[in-house]
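One structure below.
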Amino acid sequence: MPLPQLLVGKVAAITGGLTGIGRAIALEYLRHGAKVAINHLGGPKEEPLLEALQKDVSEITGPNANSFIAVPGDVTQPDTGRDFVAKTVAAFGRLDIFVSNAGVCKFAEFLEFVIPYPPYPSLSLMLVEADCGPLLKVRVYGVPMYTDISISIYRVDPPLLGHTINTNLSGAFYATQAAGRQMALEQSPPGGSIIGISSISALVGGGQQTHYTPTKAGVLSLMQSCAVALGKYNIRCNALLPGTIRTQLNDEDMSDPVKREYMEGRIPLGRLGQPPDLAGPAVFLACEELSSYVTGAQLLVDGGAFVNLQ
């Protein structure tokens, strides 16, 4: 039995809306009657993804509904958020819902390290060269002569750290500030819902996520502080904290069947999440009739992973 449409007449804008969680939320908002703008990075590589999304949008709304736009732009740039909000308002008249979703995640080691070398279990690899980028050169010890080889182990170098912070945290700040300004000061009546896509990683650590988890904790904190700053304008600010969701960001990591089985075994519901699993909670937080007194909150969408201590 289909749900009634809960967002009829609302206007939503979503950063990073071309793939993964952002895409799923955009399509669900359209199903619930909202007009939707998405931000995406842009460039020729994204054209097939945009065409596929446009096709799915047309199947939901019809080919001539004029209820969807896509706006390219790099969220790490302060002007991108302002431009995205301005084009959303120019197309649809106002802004009721804003989802700060754009983000990056590349697993990387924090320190130089020693690891087992599988072909020779009695040997180990010691990092000997790490100043030429993320692909590290290692030296095999344990034989009279050593051998240098290269393996794909990524370390947290300054460019990776900067890009992760600029995208996940600074980008979220700039875009949320632009959305908040529109909702509070530039439309009547003021008000709206802002949703930050944080992560379970805001609450727990990750050995190869030392550059990533602080940014997601920052998004959670940003939503909490914005809830205080914007409450007087009737703007609600909340965070969604996904667990392990199969998206393009972790496809490579989750392609390892051993790791995937391990992750699934730690989740009480027994499966990894999919992007549509975030869409329903995003509708709940967007819908004033359902969540009008919810602000400054965090909602885990993780299949129970966080509470499983065994």
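The values are calculated or read from the model by the stated rules, or taken from the named source; none is laboratory data. Quantities reported herein were computed from a predicted structural model and do not represent experimental measurements. Cβ atoms come from the backbone with ideal geometry, glycine included; neighbour counts cover every protein chain shown. The protein model used for the area step is the full one, side chains on, heavy atoms only, and it has no ligands, DNA or RNA in it. Shrake-Rupley method; radii C 1.70, N 1.55, O 1.52, S 1.80 Å.
Could you give me the residue pairs with C-beta distances under 6 Å whose first residue belongs to segment 284-310 and is under 18 Å from A202 (Cα atoms), whose second residue is in a loop (DSSP other than H, G, I, E, B) and open to solvent by less than 30 Å² (accessible area, probe 1.4 Å) wherever it lies, and which are 6+ apart or on separate chains?
D302/G243; G303/G243; G303/I267; A305/G243; A305/I267
Any chance segment 280-298 includes a residue that's outside any helix (DSSP H, G or I), buried (at least 21 other Cβ atoms within 10 Å of the Cβ) and either at pLDDT 95 or above or in contact with a Pro (Cβ under 8 Å, 6 or more places away or on another chain) (or both)?
First, pick out the residues of segment 280-298 that are outside any helix (DSSP H, G or I): 287, 292-298.
Filter once more, keeping what is buried (at least 21 other Cβ atoms within 10 Å of the Cβ): 295.
Add one more test, that the residue is either at pLDDT 95 or above or in contact with a Pro (Cβ under 8 Å, 6 or more places away or on another chain) (or both), and what stays is 295.
Looking for residues that are outside any helix (DSSP H, G or I), buried (at least 21 other Cβ atoms within 10 Å of the Cβ) and either at pLDDT 95 or above or in contact with a Pro (Cβ under 8 Å, 6 or more places away or on another chain) (or both), one finds at least one in segment 280-298, hence yes.
Yes/no matrix, rows are residues, columns are (1) under 28 Å from M223 (Cα atoms); (2) of a type in the set (V, I, T):
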position	(1), (2)
E261	no, no
P276	yes, no
A279	yes, no
A282	yes, no
L285	yes, no
L290	yes, no
A297	yes, no
V301	yes, yes
A305	yes, no
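Checking the structure you have, find out if any residue of segment 243-262 is of a type in the set (A, V, I, L, M), at pLDDT 90 or above and under 15 Å from the mean Cα position of the chain (by Cα).
Yes, the conditions are met somewhere in segment 243-262.
Tell me, which residue of segment 47-83 that is within 30 Å of R181 (Cα to Cα) and among the hydroxyl-bearing types (S, T, Y) is surrounded by the most Cβ atoms within 10 Å (Cβ to Cβ)?
That would be T80.
Would you call D96 under 24 Å from A239 (Cβ atoms) and at pLDDT 95 or above? Give the steps one after another, and end with the answer.
Details: under 24 Å from A239 (Cβ atoms): yes; at pLDDT 95 or above: yes.
Yes.
Exactly one condition in (1) outside any strand (DSSP E or B); (2) buried (at least 24 other Cβ atoms within 10 Å of the Cβ); (3) under 18 Å from the mean Cα position of the chain (by Cα) is false for N39; which is it?
The one condition N39 does not meet is (1).
Please work out if A91 is open to solvent by less than 60 Å² (accessible area, probe 1.4 Å) and part of a loop (DSSP other than H, G, I, E, B). Even if it seems obvious, please write down each step before you answer.
Working: open to solvent by less than 60 Å² (accessible area, probe 1.4 Å): yes; part of a loop (DSSP other than H, G, I, E, B): no.
Considered against the rule, which asks whether it is open to solvent by less than 60 Å² (accessible area, probe 1.4 Å) and part of a loop (DSSP other than H, G, I, E, B), A91 comes out as no.
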